[in-house]
Every structure is written in structure tokens, then in C-alpha cells.
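Shown next, in C-alpha cells, is the structure this report addresses.
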Amino acid sequence: MQGRESKGSPSPTGTLVYTDSMSEPASKTFYLETFGCQMNAHDSEKVVGTLLQQGYRQVPTVEEAGLVLYNTCSIRDKAEQKVFNLLADYKKQFGVLGCVAQQEGEKIFERAPYVSLVCGSASYRKLPQMLVQLEAGGQRVTGLDDRLTDECFETEFTARTNPHRGYITIIEGCDKFCAYCVVPFTRGKERSRTSASVLEEARQLADLGYTEIQLLGQNVNSYRDPDGKKSFAELLAAIASVAGIRRVRFTTSHPRDFGRDIVDVIDAVPALCDHVHLPVQSGSTRVLDAMQRLYTRDQYLERVSWIQGARRDISLTSDLIVGFPGETEAEFEETLSLMDVVGYDSVFTFKYSPRPNTPALRLQDAIPDAEKARRLAVLNDRQKQIGARRNLRHVGQVLEVMIEGKNPARGQWIGRTSQIKVMNFTVPDGVELATGSYVAVRVTGSFPNSLVGEMADPRLGQSDRSGEHGGCGQKPEPQGAQRNTEEHRGRQASLAG
Ligand code: 5AD
Ligand code: SF4
């Protein structure tokens, strides 16, 4: 091991596309801040694109904005509280979008008097009309009545913030109704986009210079093509075959709908990344049943055995909840033992948080917060050990890394492997790299949450890779290893409309 660990920066959730139209009146300026998951971040990219299309200008601070928008998250209580604190802070025209909007509805107008727009994610396609109502002096404009919609929010105006990884929503909503989860109430019922429209968006991204695509959905593998043309696994293969696309990721997968065909397609198609995020939530079948997760511990482990039996070295990550009502110490220990058996590469861990409308609210035996905190700490400590062990196996390998940035203070570049691991690495003196390009990196050390390495001799990159596990990047580099970032950014800007 060498140096201190640094995990790289989290993927951006703020949307930062500022246009330059000085002729617009101040009232047509907006500030948007995003909370929560990658779905929300990508929704915000589409919302920003829609507003720009309607003649609005995005500004970087609340103070400069005529309209302040918060795209909110209500998955846990803390995230929701944060938004209400913000709404109390400024005397501005506010719009509340996303999950808190859908969950709280018109009650928000009473609680936060400066709010004039409340819009859930299932109503975003009506945003242009809602903006017109706002401009006409509307005080309580709502988009809340679309929980049962069959439509997805598809727009050609997407102001993408990550210049290298393009996000595509393939399925919205959720029909699973896990006992703890607010999402089915805030994002509406499950609905998939046609494979033709998803593929068209993938081709557009490739034309714009994107080489990595991440498919998004609450349950991405519950995807059902409305035209009946492609299964989820077939859609993955089709996207991976789009010229110029070098890496394809997808998140989140639900264990119940996780078929062997997904592992087979990862094995067969090099551009599909070696990573599956498969949230388990608990290692106890009794708790899983109470959570209404629709699978047992053994059924989950069967899926894990498919993934671990693949020819490729597929990294496995998960979400875990501690302190679900009635979770005994022995049941909590079953989660710890499941972590040991699976050997996750990394996990996201949460204390159970009671949410409005959810079935779990009716369950007895709440776990005290201090006990939840203790279990969380034990879990995180266990994962630290497991992650350290998992990462150690990479030392000595040469892995392909997509460059995300540079840390000049450390003299290191930062990127991600196909397995989505953070790699901090050095390059020979005088070598300048471009973000978004791919390099071969020899791993020289490991930490629980990241790897460190040094750029392998670029001339050795290809042949070195053939000796390791079948990572991404076996397609020829479309634009040369050190791509012209300025050119890429220029084309990117035109996407913002
Ligand atoms: N309390 C705690 N964690 C939750 N999650 C979802 N709802 C709750 C809740 N009420 C976690 C789950 C899910 C992740 C996105 O958030 O682990 O997979
Ligand atoms: Fe929530 Fe469960 Fe649906 Fe995931 S599958 S979004 S945890 S209800």
C-alpha cells in the first residue's frame, strides 16, 4: 500500500449549465439544486434542458435567481428536512420538484409560503405549461396528479452535466412496494421506454462523443419493452454495440427480477462493465419477508453465485438497512454473515427511517436510534475489512481506467475502473492526460474503498489487458487515447439547446 486513501469526488448532483443570454428579464432566471439519487440528478438535467428551451437562464446562486428550484429526495427523513430548512431561508419564488413535492403535495404551500410551484417527477413533461402559469402570476401551480401515468419524461432537451458519462432513464417508477420505501408513492407506477427510443438516445450520445452510458431505473432489470422487441439483457447488448460506446453500466437491479441472462450478456459483451449493484437490504429471510422484498436469503445468494460464477470478475455492490422494525440481534448478525459470504466490493448502508404512507409504519418494535447507530457502525467496520480484502486482489493487475480528473496537490490522476472502483494514479513526468480518455494503470496498492497505481507503459496497454480479467475497453478507441476535451465540450454545449 502507498499514500493515504482518497475516494475521488462523488458524481455531481448539482446541475451547472449557465447560458449567456443577457437580454432575458431577471424573472426568467433560475437556480436549481438537486438532492438524492442519480435518477434525481438525471431528471434535473432534463428539467434544466426544458427550462433553457423555455427561454430561462440558469444562474449559479440563489441570490441571482428569479425562480429557485429544489429537486428533492424523501427516501429518508433527513433528506426531506433539509429542503424545508432551505425553503425557510430566503424570500424568493420557490419551486419544489421531485419526491418531497409528490409526497407532501399542496401541504407544502402552507408550510413554506414562498413556494409557488410543486411538481412531482411523473408530471415533468407538463413543466412548460406550468412555467407559463407561473409567468402569468400563478401562486400555487401544481403537477401532482400523474401517479398513474403511463408516460415517461422523455425530452430532446437534456442539459448534461457529466461530459463523459451519459445517463439514460429506461424505466421509471416502481411497483414493488417494499415495506420501508416511499418511492412507489413518489415516483408512480413502473413504466418502461421503448427500446427504439432508448437506442436512439444512446446513438445521439455516441454522436456527441460520449463513450460511457449508464442506464437508470429504480429497478432497471424489471425493464419491459412496450414494443416487446427486447429483453433487458438484449437491450444491454444493443446499447453496447452502438459505435463509439465503450462502457455500459446500469443501476439499480432488483434481486427478484435478476435473471441469469444478465450475467450471460456481461460475459459475452466486453463493453458491458464488470459491475452489478444488487441491493439485498438484509441477510435475514424473516426480515426480508417483513420488508416485502420478494426473495429469501437463499434466493439472493443463488443470484450471487451466478454473478460470481461468471467468466469475468464482476464486482458486486449492495444497499443494506439496519434497524428495520423488529430486527433482532441474531437477524442483524445474519446480515453480517451474508456480507462475509458474498464479499461485497462496497456497500451503501442506512439506518431504517420511517417514511409516510409506507406499510412498515404499522409495524411494532421500533429499534432505538442509538442501537441503529451501533449496528450501522458494526456493519461499516465489517465492510471496511471486506473491501480491503477484495481490493487487495487487484494489486499487480493492469486495469483500464476512464480518467475523471486530476488532483494536483497529490500529483495524482483520478479515474474509474470497469468495476467502478476509484483509482488514484501517477503518470510519468511530462505526460498530460485528458479527462474522459482511457488509460491502462498498473495497480500498486489498495485501500478499502480505492486503488492506487501508476500508468502502465501506454505501448503495453493493449497487450497487458489481454492477460487480465475481461474488463471493458476491448473495442478500439474511437478518437485516440488522449482526446481533445475542448472539442468534446463544445459539442456537449449544443446538447443543452
Ligand atoms: N430507511 C432507510 N433506508 C432506506 N432506503 C430506502 N428507503 C429507506 C428507508 N425508509 C435505502 C434502501 C435503498 C436505498 C436507495 O435507500 O437501501 O436501496
Ligand atoms: Fe423502493 Fe423497493 Fe421499489 Fe427499490 S424496489 S424503489 S426499495 S419499493
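Taking into account only those residues within the range 152-176 that are assigned to a loop (DSSP other than H, G, I, E, B) and within 16 Å of ligand 1 (Cβ to nearest atom), which is nearest to GLY120 (Cα to Cα)? The qualifying residue nearest to GLY120 (Cα to Cα) is GLY173.
Taking the criterion of being at negative phi and either within 16 Å of ligand 1 (Cβ to nearest atom) or under 21 Å from the mean Cα position of the chain (by Cα) (or both), the residues of the range 308-324 that qualify are ILE314, SER315, LEU316, THR317, SER318, ASP319, LEU320, ILE321, VAL322, PHE324.
Could you check the range 345-366 and list, in sequence order, the residues that are more than 16 Å from ligand 2 (Cβ to nearest atom), small (Gly, Ala, Ser) and not in a strand (DSSP E or B)? ALA366, the sole residue that qualifies.
Taking the range 165-198 as the search range and keeping residues that are away from ligand 2 (no atom under 16 Å from the Cβ) and either basic (Lys, Arg) or surrounded by fewer than 19 Cβ atoms within 10 Å (Cβ to Cβ) (or both), which one is farthest from the chain's Cα centre (by Cα)?
If we take residues in the range 165-198 being away from ligand 2 (no atom under 16 Å from the Cβ) and either basic (Lys, Arg) or surrounded by fewer than 19 Cβ atoms within 10 Å (Cβ to Cβ) (or both), then ALA196 is farthest from the chain's Cα centre (by Cα).
Does the range 203-211 contain at least one residue that is away from ligand 2 (no atom under 16 Å from the Cβ), free of Cβ contacts under 8 Å to residues at least 60 places away in the same chain and β-branched (Val, Ile, Thr)? Within the range 203-211, not a single residue is away from ligand 2 (no atom under 16 Å from the Cβ), free of Cβ contacts under 8 Å to residues at least 60 places away in the same chain and β-branched (Val, Ile, Thr). Step by step: first the residues of the range 325-377, then only those that are hydroxyl-bearing (Ser, Thr, Tyr) and within 16 Å of ligand 1 (Cβ to nearest atom), then the one that is farthest from LEU392 (Cα to Cα). Which residue is that? Going through the qualifying residues, I end up with THR358. Contact map, the range 27-56: first residue within 14 Å of THR161 (Cα to Cα) and touching a residue at least 24 places away in the same chain (Cβ under 8 Å), second residue among the basic types (Lys, Arg) and more than 16 Å from ligand 1 (Cβ to nearest atom), Cβ cut-off under 6 Å, separation 6 or more or different chains; pairs are GLU45/ARG160. Taking the range 270-301 as the range and being in a loop (DSSP other than H, G, I, E, B) and either under 19 Å from TYR223 (Cα atoms) or touching a Phe, Trp or Tyr at 6+ places or on another chain (Cβ under 9 Å) (or both) as the test, the residues that pass are CYS273, LEU278, PRO279, VAL280, SER282, GLY283, SER284, MET291, GLN292, ARG293, LEU294, TYR295. Mind listing whichever residues of the range 199-229 are on the phi > 0 side of the Ramachandran plot and surrounded by fewer than 19 Cβ atoms within 10 Å (Cβ to Cβ)? If the condition is that a residue be on the phi > 0 side of the Ramachandran plot and surrounded by fewer than 19 Cβ atoms within 10 Å (Cβ to Cβ), then GLY228 is the only one that fits. Only one of the numbered conditions (1) within 30 Å of VAL287 (Cβ to Cβ); (2) of a type outside the set (Ser, Thr, Tyr); (3) surrounded by fewer than 20 Cβ atoms within 10 Å (Cβ to Cβ) is violated by GLY405, and that is (1). Answer yes if at least one residue in the range 367-389 is within 16 Å of ligand 2 (Cβ to nearest atom) and either under 27 Å from CYS99 (Cα atoms) or not in a helix (DSSP H, G or I) (or both), and no otherwise. For the range 367-389, residues within 16 Å of ligand 2 (Cβ to nearest atom) and either under 27 Å from CYS99 (Cα atoms) or not in a helix (DSSP H, G or I) (or both): absent. Within the range 37-76, if we keep just the residues that are surrounded by fewer than 20 Cβ atoms within 10 Å (Cβ to Cβ) and of a type in the set (Gly, Ala, Ser), the residue that is modelled with the lowest pLDDT turns out to be GLY66.
For the range 100-114, a residue qualifies if it is outside any loop (DSSP other than H, G, I, E, B) and touching a Lys or Arg at 6+ places or on another chain (Cβ under 7 Å), and exactly one does: PHE109. May I ask you to list the residues in the range 42-71 that are closer than 21 Å to VAL183 by Cβ and either assigned to a loop (DSSP other than H, G, I, E, B) or within 16 Å of ligand 2 (Cβ to nearest atom) (or both)? Passing the criteria: HIS42, ASP43.
Would it be correct to say that ILE314 is crowded, with 21+ Cβ neighbours inside 10 Å, within 16 Å of ligand 2 (Cβ to nearest atom) and either at pLDDT 95 or above or within 30 Å of LYS107 (Cβ to Cβ) (or both)? Give the derivation first.
Working: crowded, with 21+ Cβ neighbours inside 10 Å: yes; within 16 Å of ligand 2 (Cβ to nearest atom): no; either at pLDDT 95 or above or within 30 Å of LYS107 (Cβ to Cβ) (or both): yes.
When the stated conditions are applied, ILE314 does not pass them.
The set of residues in the range 212-230 that are of a type in the set (Asp, Glu) and either within 16 Å of ligand 2 (Cβ to nearest atom) or over 16 Å from THR194 (Cβ atoms) (or both) contains only GLU212. Residues that are more than 16 Å from ligand 2 (Cβ to nearest atom), under 30 Å from LEU376 (Cα atoms) and small (Gly, Ala, Ser): does the range 235-258 have at least one? No: zero hits.
The values are calculated or read from the model by the stated rules, or taken from the named source; none is laboratory data. Everything numeric here is computed off the predicted structure, so don't read it as measured data. FYI the Cβ positions are ideal-geometry reconstructions off the backbone, even for glycines, and counts take in every protein chain you see.
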